[in-house]
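Report on one structure; see the data block that follows.
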Amino acid sequence: MIHLSSLNKLETILSDFKSKLSELDKNAKRDKNLDYKLRSKSELTALLNSNIPLKDKKTLLLSEIGYVRINLFMEYNARISLLEQNNQMDDAVELMNEYVTNVAIPFIPNKASPDMVNRIKDAFHMNRQLEPHEWISDWKRKYTSWIEGQRISQMNEGFQLSDYEQLKITYRMLYAVSFSSENFPPGPTIIFYDPTRIKVK
């Protein structure tokens, strides 16, 4: 899991994700009008160089990173849908794996939550929801099974489709559980913006 304590680390993550989105936007498949809007580079730089509290700078960066992650997910989804329409399931699975590996999983805790009592109680219920870190294991197991299945033999179409749908469910759940109040807090409300004077509320 990514440690979210360093401002420089957050700036690097944001830059990397924005670069990836720019690369994909050379041949974008999603409706970009539905994107979350990001702050301009000049405005973001001014805010980060201002005297607002460090915690507000971190909140600002985490919010921007969250918006880029959502926009990336929408682009991957659009590409995956097109591959599905052309029955290119292997390529679609590889795109899912690329997203969960590089964008979702780094934001998911790799250990169980400390609330052991509730988790023990939940274990006795058949419909227990998986912990975020368990979805990671679920993805790795299903992805490995898919790859091995493709190498060993040509699976019948019905079985392959069932496996694919299960992979897609896990892919979407990894996207969902990768967001938390810790890594995607509401952005600080800027009540006055000027390159020389910036205040946040």
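The values are calculated or read from the model by the stated rules, or taken from the named source; none is laboratory data. No experiment lies behind these values; they were computed from the predicted model shown. Note that each Cβ is placed from the backbone with ideal geometry, even for glycine, and that neighbours are counted across all protein chains shown.
Structure summary
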item	result
Count of the range 1-45 residues which are at pLDDT below 95, acidic (Asp, Glu) and not in a helix (DSSP H, G or I)	0
Test: residue in the range 65-87 that is free of Cβ contacts under 8 Å to residues at least 60 places away in the same chain and not in a helix (DSSP H, G or I)	yes
Output for the range 25-41, where each listed residue is in contact (Cβ under 8 Å) with a residue 24 or more places away in the chain and hydroxyl-bearing (Ser, Thr, Tyr)	Tyr36
Output for the range 70-101, where each listed residue is out of contact with any Asp or Glu (no Cβ under 6 Å at 6 or more places or on another chain) and over 30 Å from Gly149 (Cβ atoms)	Ile70
The range 48-94: number of residues that are closer than 23 Å to Tyr171 by Cβ and among the hydroxyl-bearing types (Ser, Thr, Tyr)	3
The range 1-24: number of residues that are touching a residue at least 24 places away in the same chain (Cβ under 8 Å) and within 16 Å of Ile70 (Cα to Cα)	7
Condition check for Ala92: in a helix (DSSP H, G or I), in contact with a strand residue (DSSP E or B) (Cβ under 8 Å, 6 or more places away or on another chain) and among the small types (Gly, Ala, Ser)	no
Single match in Asp25, Asp35 (criterion: of a type outside the set (A, V, I, L, M), surrounded by 14 or more Cβ atoms within 10 Å (Cβ to Cβ) and more than 15 Å from the chain's Cα centre (by Cα))	Asp25
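For (1) within 16 Å of Ser178 (Cα to Cα); (2) surrounded by fewer than 13 Cβ atoms within 10 Å (Cβ to Cβ); (3) modelled with pLDDT of 95 or more; (4) more than 20 Å from the chain's Cα centre (by Cα), each residue gets a yes or a no:
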{"residue": "Asn49", "(1), (2), (3), (4)": "no, yes, no, yes"}
{"residue": "Tyr67", "(1), (2), (3), (4)": "yes, no, yes, no"}
{"residue": "Glu75", "(1), (2), (3), (4)": "no, no, yes, no"}
{"residue": "Leu83", "(1), (2), (3), (4)": "no, no, yes, yes"}
{"residue": "Gln88", "(1), (2), (3), (4)": "no, no, no, yes"}
